[in-house]
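Shown next, in structure tokens, is the structure this report addresses.
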Amino acid sequence: MTRRRRVVITQRQQLIRAAQEVRVDADDMNRAKILGQIAYHLSLHREIGRKVAYKGGAVLKMIEGSPRFSRDLDGVAVTAKPIELDWILEALTTEAASRVVIQRPTIINSSDRSLSFPVVECRAIAGRSPITVKLSINWREPLLLPPELLQVEVFGVGDAELPIVHWQERAAENASGELQPIRSTCIQEQPVFARRSSPRRSGC
């Protein structure tokens, strides 16, 4: 009787297969997975942790499988307290993070309300050429609603919980003035972090 050999699928093969299934470029899929990994490593830092919540196209891809691919990871300080540059650099240069980020970012745009890293060079999961992403974190104003602590799949890690800007605030921001009244009338006492367990609802 002939034994069947166990086929081991590498991370690179997994990513290429995932890109082929949705008919997208491997670099776009690479970037989407890498942005999730960076958010995860930032969340592990003792000073950043859940003080920064994430939003934007990268988040929609992680939590909703959105067809939109992004080159940026956008973070917001939950209470509008400044996020220190050293914290971010420490988070991106740990032994674990160095498997994702090739080197400490050298181009940094800073102001009294934000930090931006326009070039974060990362290791490609599939392919040999480095993948470049952008990271931005701002603390212009506090979030009006507590972030949602959602479970997302982080490539190479598995399921992880990340703080995500509440869907109502994300919707209000995207819709500009149309949903702004909802932001101020829907705030109720609730846990600091809430896992979304039911479909979105309109209204309060």
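In the list 46, 71, which residue meets the criterion of being among the basic types (Lys, Arg) and within 17 Å of the chain's Cα centre (by Cα)?
Of 46, 71, the one residue that is among the basic types (Lys, Arg) and within 17 Å of the chain's Cα centre (by Cα) is 71.
Looking only at region 125-134, which residues are farther than 17 Å from residue 89 by Cα and buried (at least 18 other Cβ atoms within 10 Å of the Cβ)?
Listed by number, the residues that qualify are 125, 126, 131.
Every residue in region 143-158 that is over 19 Å from residue 60 (Cβ atoms) and touching a strand residue (DSSP E or B) at 6+ places or on another chain (Cβ under 8 Å), please.
146
Spot the failing condition for residue 136; the list is (1) among the hydroxyl-bearing types (Ser, Thr, Tyr); (2) farther than 14 Å from residue 55 by Cα; (3) not in a loop (DSSP other than H, G, I, E, B), and only one is missed.
(2)
Given the conditions (1) surrounded by 11 or more Cβ atoms within 10 Å (Cβ to Cβ); (2) within 17 Å of the chain's Cα centre (by Cα); (3) more than 18 Å from residue 76 (Cα to Cα); (4) modelled with pLDDT under 50, which single one is not true for residue 193?
(3)
Can you say whether residue 108 is of a type in the set (Val, Ile, Thr) and either within 18 Å of the chain's Cα centre (by Cα) or closer than 18 Å to residue 32 by Cβ (or both), as far as the supplied structure shows?
Considered against the rule, which asks whether it is of a type in the set (Val, Ile, Thr) and either within 18 Å of the chain's Cα centre (by Cα) or closer than 18 Å to residue 32 by Cβ (or both), residue 108 comes out as no.
The values are calculated or read from the model by the stated rules, or taken from the named source; none is laboratory data. Just so we're clear, the structure is a prediction, and the values are computed from it rather than from any experiment. Positions of Cβ are generated from backbone atoms using ideal geometry, with glycine treated the same way; all protein chains shown enter the neighbour counts.
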